[in-house]
1. With +1 on each Lys and Arg Cβ and -1 on each Asp and Glu Cβ, how big is the dipole of the chain about its Cα centre, in debye rounded to the nearest 20?
2. Please give, to one decimal in nm, the separation of the simple spin-label points placed at Arg43 and Ala483, each 7 Å out from Cα toward the Cβ.
3. Going from most exposed to least, what order do His7, His454 have by accessible area with a 1.4 Å probe?
4. Kindly provide the pair-distance distribution of the stretch 40-108 built from C-alpha pairs, with 10 Å bins from 0 and whole-percent values in order of increasing distance.
5. Run through the DSSP bridge list for the chain and note the antiparallel percent, rounded to the nearest 5.
6. Give me the Debye-computed log₁₀ of I(q)/I(0) at q = 0.20 Å⁻¹ for the stretch 334-469, equal point scatterers on Cα only, no solvent, two decimals.
7. Simple spin-label model, 7 Å along Cα-to-Cβ: Thr125 to Arg420 in nm?
8. List, largest first, the extents of the alpha carbons of the stretch 296-403 along their principal axes, each in whole Å.
Amino acid sequence: MNLSYAHGTSGTALLGDTIGANLDRAVEAWPEREALVDVASGRRWRYAEFGAAVRLLSRGLLGSGVAKGDRVGIWAVNCAEWVLIQYATARIGAIMVNINPAYRAHELEYVLNQAGISVLVASQTHKTSDYRAMVDAVRASCPRLRSVHYIGDASWDALVAAGASVTEDRLAAREAELSCDDPVNIQYTSGTTGFPKGATLSHHNILNNGYFVGEMIAYSEQDRVCIPVPFYHCFGMVMGNLAATSHGACMVIPAPSFDPAATLRAVADERCTSLYGVPTMFIAELNLPDFAAYDLGSLRTGIMAGSPCPVEVMKRVVAEMNMAEVSICYGMTETSPVSTQTRRDDDLERRTGTVGRVMPHVEVKVVDPVTGVTLPHGAAGELCTRGYSVMLGYWKEPGKTAEAIDAGRWMHTGDLAVMREDGYVQIVGRIKDMIIRGGENVYPREIEEFLYTHPKIADVQVVGVADERYGEEILACVIPRDAEDPPTLEEITDFCRERLAHYKIPRRVEILPDFPMTVSGKVRKVELRDRFS
């Protein structure tokens, strides 16, 4: 019996650098290559210029009294300053705390206090968010917060200017104190109940994960990576920024927050070779009325991740967006994030039907959620992962850390998965999303993949809702291709009847204009369940 266990052997060694040292390598190797383009502001940095800007800001943070291990919060939409803070905090051994730009005052207050943030860098406003007003509202109840710097404001200029009084020798002395195993980043996971937990990640965690994600899609200094996904999440700052800088590639920021037209415009104008997004982003781009007008001929690769990737959407991305080498990544914040990834030479079936195979230097296994015993190939169970990528722990929450990481250092993902004989992994749902209808286990992902092939359905989410007879019943929440001609329950039932077992056929359909989403592009299924139960 072949067990569902895989180890990513590799002839390429893990990096032992800190993030600052790794950036220095890129600056030395490719000083004249473009490193960062902020499309909205029209600003550009070559690697030599980017490295110098990071060093100046690093000295500014030192001049502002930031000590090794101090927590520096970044509460901002995507912009060049976000990237500069990411690398500057790493260079001086501070711990950057990512704060979701969608947070409101009470969530901000929780994170400021839970992480013990002493310095906060924030946007001023974006859409309906007045960041300055929210900071003012909570500042009195956050005693550790000693300074706030707003991007584009005199307070930001003062932070940078503080670097003029700090010597390079002082910066070098700080860097000499650092280890690649030091914590460098806290990311708050968006739990569906209670307050979020702060996943604490080291230089070694995220630098290596970014590097190997880039290796899997053959990044080099010739690549230009369009990053419309938020930096506050691993997708943007690790798979985007660190994958780029560890290979001398260019980071392109198309807009402060996701805008499908701005994204495709940036790809065309900047001749990007790689494009990132969650499935809903690619769907929005493909559905633009003038999609065909954008020249996407420069693209060769990219990454689709963040939530299950519908097969039909993936096929359109390959065929219509010139992304023949597009990759699917699977992971979670607590694992830096990527544990499995499809390879650039995988056939279409593997790149559309799986989330790839184990990453280099990582282990994965599929276990019985109750007993913890490793299951044979083909059996569904909980996916667990172990290796360099597993977080140091949840910040100041050892009890919750122990619930997630077992005594063998395996991270329990909470995802239901199947490992095939060829080692490729299929995600069949979340343990908590699994529907139990009359004693039958139903995996929403399987039904969603099938319904994506219906000609009237643009997007679909399947959830379980309370039912007196069966315990749970199956609800399909549908965004139609044509709002004037949505599919009926009868049409969906007929479509499913010959292809799905009777207990998997949705008994209810709700037509929606959109889905409730997190800022990182994940559908809030819990909200759909609550709304329609």
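1. Numbers: 53 positive and 68 negative charges, 210 e Å.
Here the size comes out at about 1000 debye.
2. Distance between label points: 3.8 nm.
3. Working: His7 100, His454 15 Å².
The ordering from most to least exposed comes out as His7, His454.
4. 20, 45, 30, 5, 0
5. On the way: 54 of 88 bridges.
Counting DSSP beta bridges with both partners in the chain, the antiparallel share is about 60 percent.
6. With one equal scatterer per Cα and no solvent, log10 I(q)/I(0) is -1.26.
7. So the label points at Thr125 and Arg420 sit 5.2 nm apart.
8. On the principal axes, the stretch 296-403 reaches 50, 33, 23 Å in Cα extent.
The values are calculated or read from the model by the stated rules, or taken from the named source; none is laboratory data. Computed from a prediction, not measured in an experiment: that's the story for all the values here. All Cβ positions, even for glycine, are placed from backbone atoms using ideal geometry, and neighbour counts span all protein chains on display. The accessibility values were calculated without ligands, DNA or RNA, using every heavy atom of the protein model including side chains. Shrake-Rupley method; radii C 1.70, N 1.55, O 1.52, S 1.80 Å.
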